[in-house]
1. Sorting check: for 1-10, 66-75, which peptide has the highest mean count of neighbouring beta carbons within 10 Å, and how do the rest follow?
2. Looking at region 1-79 from every direction and averaging, what is the projected area of its Cα convex hull in nm²?
3. List the relative contact order of the chain as a percent without decimals, with contacts defined as Cα pairs under 8 Å and 6+ residues apart.
4. For the pair residue 64 and residue 77, how long in nm is the line joining their label points, each one 7 Å along Cα→Cβ?
5. Sorted by average packing, counted as other Cβ atoms within 10 angstrom per residue and highest first, what order do 17-24, 31-38 take?
């Protein structure tokens, strides 16, 4: 299950709020674009990202980093996300 979460990338704030839940990454991406348009901000300014939740979650729930990952187990991770930006 995919979820949009509110993430300020602050290590002190471990619990992330679930904004919405989706069955596919495609529908989650559409929801993220809709949120971006609604807020009138760029994606990184929305503090919102798509994650794969290991257990069922609902809109409004809190989720901690050990309960989600950026990519689902069956997804192919894009090369840009596998190779570090360094040397």
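1. Values: 1-10: 16.1, 66-75: 12.3.
In decreasing order of mean packing, 1-10, 66-75 become 1-10, 66-75.
2. On the way: hull surface 21.7 nm².
Answer in nm², one decimal: 5.4.
3. Working: 126 pairs, mean separation 29.2, N = 87.
Computed value for the chain: 34 percent relative contact order.
4. With each label point 7 Å from Cα toward Cβ, the separation is 2.3 nm.
5. Values: 17-24: 16.0, 31-38: 14.0.
Final packing ranking: 17-24, 31-38.
Each value in this text was obtained by applying a stated rule to the coordinates, not by laboratory testing. Keep in mind that what you see is a predicted model, and the values were worked out from it rather than measured. Positions of Cβ are generated from backbone atoms using ideal geometry, with glycine treated the same way; all protein chains shown enter the neighbour counts.
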